[in-house]
Amino acid sequence: MMSANITLAMLKWLIAAFASGSLLGFTFRTQRIAKAKKRILELETEMVENHAEILRLHKIHADRSGNAAKVPVINLKADSQIAAVAKA
């Protein structure tokens, strides 16, 4: 009968250790995922800003070269008419 009590006590400790380990692992994994998502958003923002800068410089260069008609430059800022057409 004594070994049954020891086994039950060990089982309780084993379940408690498993539960706490799972909770700890879940917490660390959630933090890593949040950090990765934040970094991805930062990189995406940086890429969009870099592309906007490249387009702006390309437009300046095209205006200086005088061949603005050959290379179309898309305006990133949509005015109210374009936004109204897009919503329709």
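Every number in this text was worked out from the coordinates using simple rules, so none of it is lab data. Since the structure is predicted, the reported quantities are computational estimates derived from the model, not experimental observations. No Cβ is skipped: glycine too gets one built from the backbone with ideal geometry, and neighbour counts run over all protein chains shown.
Across region 17-25, computed HN-Hα scalar couplings (Karplus, 6.51 cos²θ - 1.76 cosθ + 1.60, θ = phi - 60°) run 5, 5, 5, 5, x, 5, 5, 5, x Hz from first to last residue, x flagging Gly and Pro. Per-residue Karplus couplings for region 52-58, computed as 6.51 cos²θ - 1.76 cosθ + 1.60 with θ equal to phi - 60°, are listed in order as 5, 5, 4, 5, 5, 5, 5 Hz, Gly and Pro entered as x. Multiplying the residue separation of ARG32 and ARG64 by 0.36 nm and removing their Cα-Cα distance gives an extension gain of 6.7 nm. In terms of packing, defined here as the mean over residues of other Cβ atoms within 10 angstrom, the peptides 38-44, 56-62 line up highest first as 56-62, 38-44.
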